[in-house]
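J.: Could you have a look at this structure, given as structure tokens, before my questions?
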Amino acid sequence: MSFTRLLAVARKEVIQILRDSRSLAIVVIMPVALMLLFGYGVSLDLKGLPIYVYDRDGSQQSQDLLKRFQASEYFNVARVVNGYPAITRALDDGHAKMGIVIPWDFSLRLRDGGPVQVQALVDGTDDNTANVLIGYAQAVVQGFSAETQLNWLRGRGQSIQPAPVSVETRTWYNEDLESSAFIVPGVLALVMSVIGAFLTSLTIAREWERGSMEQLISTPVSAMEIMLGKLAPYFVLGMFDVIVCALIAIYWFHVPFRGSYVTLLVSSALFLVVVLSLGFFISVLAKNQFAACQIALLVTFLPAFLLSGFLFPIEQMPVVLQWITRILPVRYYVSLLKKIFLKGTPTAMLYADLIPLVAFALVLALLATRSFHKRLQ
Amino acid sequence: MPERPEQGTSVAVENLVKRFGGFVAVDRLNLEVRKGEVFGFLGPNGAGKSTTIRMLCGLLKPTSGRALVAGYDVAREPEAVRQNIGYMSQKFSLYNDLKVIENLRLFAGLYSVPSNKLKERIEWALQMANLKGQENLITGTLPGGWKQRLALGCAVLHNPPIIFLDEPTSGVDPITRRQFWDLIHKMAEEGVTVFVTTHYMEEAEYCNRLALIFHGKMVALGTPAELKRGSMNGELLLIECEPLGNAVEALQSAPDVMDAAVFGNALHLVVPDAASAMPRIEKYLADNGIAVGRIERIRPSLEDVFVSLTTARDLGEEGKA
Amino acid sequence: MTDQVQPAIEAEGLTKSFPGVRAVDALSFDVRSGEIFGLVGPDGAGKTTTLRMLAGIMPPDAGRATVAGFDVIRNPERAKHALSYMPQRFGLYEDLTVDENIRFYADLFGVRKPEREARSAQLLQAAGMSEFRKRLAGKLSGGMKQKLGLVCALIHRPKVILLDEPTTGVDPVSRRDFWRILYELVAQGVAILTSTAYLDEAERCHRVALLDEGRLLFCDTPANLKARMSKGVLSVTSPEPRRLRSELEHADGISSLVLTGDGLHVVVDDATRRIPEFEARLKNASVPFDAIQQVAPSIEDLFVDAVGTGASPHA
């Protein structure tokens, strides 16, 4: 193998990347854009959900209940209204996710010892959110109910323990339960997929399409030199982007980083080998750039988005899909990312994820090498 | 009502000029093409050929001057011009993934062939192109000669009085080329005017008249024979001798030799007068230790004429600058 | 011209088929050092396929070939050091400068820096492109791109150069320049195999192989080929070529007849006999004509004659 030839191929590739504004934009702007997009744009948190309130009683007790709703960080009492139509309209056009209606005989019933029901009208289009809202609303009302009961009993001279059982929660790994911490590490996998597979998939296909490949294969340069020479710049760019994205995650989004930098880099390097090999393989097969990039996106970006556990937890997927994710290299990389960032898992315990990644890297690299021949057929 | 040129003139160009910013692409072009004539347009790339054709096809507005094509003014009535011309480029006009019949229907539509004439015209095109029975073949799979005839068929579905051909037969074998040109000549006989642009000197020989364009100006106009006779600066000699390499060098500096170049196994020399030059050259070579095998006058080809005219112009321009 | 013991290119029985078509059919020929050898024939004749096989990028179905002494079929990679291939769409990188393109190919062939700089300066000067070194290849004119392609192909001093239709679509002046460079190269002992669909370009080669549908029709010098033609070729000029044709179409002794812009090109069995016959005939029919002359046969005449007489079947 000639180092001069390999370097010549790599040099040409670098010059071409630098002079192509689209490639350059993808390498430089895309990672930052994706980080910001997912860091800010996607929030799985449910806080400050707008609700409308219709108080038909207007008593001290109903006001107390309403204050509880207001105090809760999950709700934002957007408006107090005077009729059902307003609530219906608000639910229809999305100004409110829920409407609370307090019956006219709320305080009367309470004085008599209850029971009384508060009506909650919920926008069920997004069933996830609806369930959460119902849960929170019930929690607020139950809290109110318990306190009312306590006061009632005290009023009759009986004292009981306030609340016999309660749950003391400690949130590990993501104390603020910020979904950005959950999402952002996974964005690295998306970025790697685009750089590693998408950009690379264009490289061989482009030479065929433009006609320069025919002349290239008539020169002494070997298939391996072409492959390594073409992939090397993308590897370097990929690693560079890993560092950039990690810095954005840590210093901009304040995602905790508890693991080892070395492990992060090694995992990323392994995953890069995987996607680069895939991209190269696709480029060899596809013969034209359009087909190549479509396939690359389908095979790398889409699974990274939907099935890697980056956004949608794998454990909540149907069993069939869970089994499918086992053959996706990106699943292991995302898992590693989350563990390295948020859990700080010692490297010794990461083997369940590292070993499959190494295996994939070897197999795909071999596949890519075998796929490219210096022949016209 | 625009003026119609005299009967019998198909294309009339008067002082046509096209400027792109400070660059003059076409510089006061004047010519007339008669109905039923096969007219050739030659010139190196960048000479103004394509620009002229685009103006004549109504695709580009002239800066000044006038051109009437099929009686319509290209600047004022470009749409009418386009409906009255056919354009054929063998390498570019057909859709390779369509069937033969589909390409024909497409072009019939593009050229607004009236629906009551559609079937008849397509039948005629198939017949003329000798493609009857092959309607359902995919265009991309056709051999070169067939594609060419199909492209021609598509270009004339609407019976235009003028057709523009862009290098129609380059790369095609001579037999197919001759059959194609038979077709063209038949059309010309029926009054269709044919405008050909090409680099391919063998195609140029099929034209009744030729115009040579260089740097936006017309530098020669005439039949192929006239051009070969009159336009060449000097006369052409063929010399076979050994060793060839030394002979070229020696002759470059010989008196009376305007140009000397290797041509295969022989030399081509351009001299002012062949008859007087032959004995002198033979002696000159002998004096330099080169034995002459054969020396004779040959007719210049169109390519010789082309090169002679364009390089002379170049030198002329350089002299001026 | 030096004759070496072994020809620079030897092809023997090369055969290649694609689905539905036999592109190259048992082709055999050789090319000597210091020679320009032309593969001539229309599109589909098998020229490109033959060149690709000789460049070592397309394995043949059958046959052997050596290039610069190396077996290019069994061991293509070794042969590639000594040869240069310029395909029809040659491998210039439009987003690289002239210098960068040259450096790329120099590196691929292992040309070291001092040699590369000297040689590229020399070649660029010969091509008249010295001031364009820093220009992007995409911004060069068509003729210059061609010359750059040639410079890149010559940077490593190959013994054999394979060119696939290098002058297609190029105007006659640039074509002449290109051929001048080729002649200088062969004077240095390089062997050049070039293909062309322009039959008149065949005349510029030292030897020519005429191909039709994958098969070799002839292989010889242009002069010998023309001498072989037993028939005579006449050129008749007239202001009314079509009348000329209708009058002479059915005359005796004609094997083929072509209408040109200003007359008729006729292949006859015996020129001396037929000229006066035609003159008489035309005078009788009052068809105006300027002259009837015998002319040297062109390669095209040869081709049509061979193919027309059934040397190979044709559509």
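J.: Quick one: order C:ARG180, B:ARG149 by neighbouring beta-carbon count within 10 Å, fewest to most.
T.: C:ARG180, B:ARG149
J.: May I pose another question? Considering only the protein assembly as shown, what is the antiparallel percent among its DSSP beta bridges, to the nearest 5?
T.: 60 percent
J.: Find which of B:THR63, B:VAL38, B:PHE23 sits farthest along the positive direction of the dipole of the range B:1-105, computed with +1 on the beta-carbon of Lys and Arg, -1 on that of Asp and Glu, about the Cα centre.
T.: With unit charges placed on the Cβ atoms, the residue in question is B:PHE23.
J.: Using every alpha carbon pair in the range B:233-299, what percent of pairs falls into each 10 Å bin from 0 up to the bin containing the largest distance?
T.: Going out from 0 Å in 10 Å bins, the range B:233-299 shows 24, 66, 11 percent.
J.: Roughly what percent of Cα-Cα pairs across chain B reach past 26 Å?
T.: Considering chain B, 56 percent of its Cα-Cα pairs are separated by more than 26 Å.
J.: What are the radius of gyration and Dmax of chain C, computed over its Cα atoms and given in Å?
T.: Values for chain C (Cα only, Rg and Dmax): 22.9, 76 Å.
J.: Once the Cα gyration tensor of the range A:40-129 is found, what semi-axes does its equivalent ellipsoid get, as square roots of 5 times the eigenvalues, in whole Å, sorted largest first?
T.: For the range A:40-129, the semi-axes come out at 26, 14, 11 Å.
J.: For chain C, what is the calculated [θ] at 222 nm in deg cm²/dmol (nearest 500), taking -39500 (n - 2.57) for each run of four or more DSSP H residues and dividing by its residue count?
T.: Calculated from helices alone, the mean residue ellipticity at 222 nm is -10000 deg cm²/dmol.
J.: Between B:TYR95 and C:ASP43, with labels modelled 7 Å along Cα→Cβ, what's the label distance in nm to one decimal, could you check?
T.: About 2.0 nm separates the two model spin labels.
J.: Restricting to chain A, what percent of DSSP beta bridges are antiparallel, rounded to 5?
T.: Bridges in chain A are about 25 percent antiparallel.
J.: In square nanometres and to one decimal, what's the mean projected area of the convex hull around the Cα atoms of chain A?
T.: Value for chain A: 24.8 nm².
J.: For a footprinting-style exposure proxy, rank B:LEU309, A:LEU306, C:LEU51 by other Cβ within 10 Å, fewest first.
T.: Least to most surrounded, the residues fall as A:LEU306, B:LEU309, C:LEU51.
J.: Still on this structure, please answer the following. Express as a percent, rounded to the nearest 5, the fraction of DSSP beta bridges in the range B:9-228 (both residues included) that run antiparallel.
T.: Close to 50 percent.
J.: In vacuo Debye scattering of the range C:177-315, one point per C-alpha: log10 I(q)/I(0) at q = 0.10, 0.21, 0.22 Å⁻¹?
T.: Log10 of I(q)/I(0), two decimals: -0.43, -1.21, -1.28.
J.: I would also like to ask the following. How much mean residue ellipticity at 222 nm does chain A get from its helices, if each DSSP H run of length 4 or more adds -39500 (n - 2.57) and you divide by all residues, to the nearest 500 deg cm²/dmol?
T.: Mean residue ellipticity, 222 nm, calculated: -19000 deg cm²/dmol.
J.: Quick one: Debye curve from the alpha-carbon atoms of the protein assembly as shown only, equal weights, vacuum; give me log10 I(q)/I(0) at q = 0.06, 0.08, 0.10 Å⁻¹ to two decimals.
T.: Results for the protein assembly as shown at q = 0.06, 0.08, 0.10 Å⁻¹ read -0.64, -0.94, -1.26.
J.: Got a sec? How would A:LEU91, A:LEU366 order by Cβ neighbour count within 10 Å, fewest to most?
T.: A:LEU366, A:LEU91
J.: How far apart, in nm, are the 7 Å Cα→Cβ label points at C:ASN75 and A:ALA352?
T.: With each label point 7 Å from Cα toward Cβ, the separation is 5.6 nm.
J.: Another question, then. Please compute the average number of Cβ atoms from other chains found within 10 Å of each residue's Cβ in peptide A:203-216.
T.: Mean partner shielding for this stretch: 4.
J.: Okay, next question. Compute the longest continuous run of chain A that contains no exposed chymotrypsin sites (Phe, Trp or Tyr not before Pro); treat a site as exposed when its DSSP state is not H, G, I, E or B and it has at most 15 other Cβ atoms within 10 Å.
T.: Segment A:174-377 is the longest.
J.: Please give the Cα centre distance for the range A:224-303 versus the range B:131-171, rounded to the nearest Å.
T.: Taking the Cα centre of each part, the range A:224-303 and the range B:131-171 sit 49 Å apart.
J.: Which of the three applies to the range C:42-173, rounded, prolate or oblate, going by the alpha-carbon gyration tensor with a ≥ b ≥ c and a/c under 1.5 meaning rounded?
T.: oblate
J.: Same structure again: Got a sec? Charge dipole of the protein assembly as shown, +1 on Cβ for Lys and Arg, -1 for Asp and Glu; which of A:LEU328, B:ALA47, C:ASN75 is way out at the positive end?
T.: With unit charges placed on the Cβ atoms, the residue in question is A:LEU328.
J.: Here's a follow-up. Can you compute the helix-only [θ] at 222 nm over chain B? Use -39500 (n - 2.57) per DSSP H run of at least 4 residues, normalise by all residues, nearest 500 deg cm²/dmol.
T.: So the helix-based figure for chain B works out to -10500 deg cm²/dmol.
Coordinate-derived values only; no laboratory data. In this text the structure is predicted, and so the values were computed from the model without any measurement. We place every Cβ from the backbone using ideal geometry, glycine too, and count neighbours over all the protein chains shown.
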